[in-house]
Amino acid sequence: MAFVAETGDALVVVDVQRDFCPGGKLAVPEGDQVVPVINRLAPRFETVVTTHDSHPPDHSSFSQHGGPWPTHCVEGSPGWEAHPELDIDPHHQVFKGRDRELDGYTGWSAGDRARRPGCRPRGRGPHRRHQGGERQAGRRRAGPRRPARRRRPRGPRRELALQFASRGVPVQH
């Protein structure tokens, strides 16, 4: 059965950047294989959002500064750029990890919200959010999960990970 995007659906393309593709500084195995799938899917959605790992050179998550990761996706570097064959026109772009002290694992955290005022328009948010791209496999949350706060009632929302359009970053525990 073919995938059909519904009215109000959004496609979230997660970190499809050179440093996360084969040959990159934090390469995801087969990470480049998501690109043609995303290129075919994107025109089916009325909203496309891209997230971008976007770090300063002295980011605290880098191993030379005591963090767990090699230097990657430094803003303005070749590895920071989108995969050269990614051919989509996003409606919104979310740049995460710009704050030196915040890890920036997700495009939806409160840590970067002040710098991303348009990433989740109020009242116009998608009812279903489909994610494709590079995702961190096996990441554990640091601390208890807090219940989401809602200021006003909203319609039902679901998040669907498109497994056929996703690859995971191997994580060592």
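The values are calculated or read from the model by the stated rules, or taken from the named source; none is laboratory data. What you see is a predicted model; the values in this text were computed from it and never measured. Using ideal geometry, Cβ is built from the backbone for each residue, glycine included, and neighbour counts are taken over all protein chains shown.
At a glance:
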item: Where a residue in segment 28-57 is in contact (Cβ under 8 Å) with a residue 40 or more places away in the chain and its partner, wherever it lies, is among the acidic types (Asp, Glu) and buried (at least 21 other Cβ atoms within 10 Å of the Cβ), with Cβ under 6 Å and at least six apart; result: Val28/Glu134; Gly31/Glu134; Thr51/Asp15; Asp53/Asp15
item: Residues of segment 70-99 classified as closer than 14 Å to Phe20 by Cβ, in contact with a strand residue (DSSP E or B) (Cβ under 9 Å, 6 or more places away or on another chain) and outside any loop (DSSP other than H, G, I, E, B), total; result: 5
item: Residues of segment 1-27 classified as surrounded by 15 or more Cβ atoms within 10 Å (Cβ to Cβ), assigned to a loop (DSSP other than H, G, I, E, B) and modelled with pLDDT of 90 or more, total; result: 7
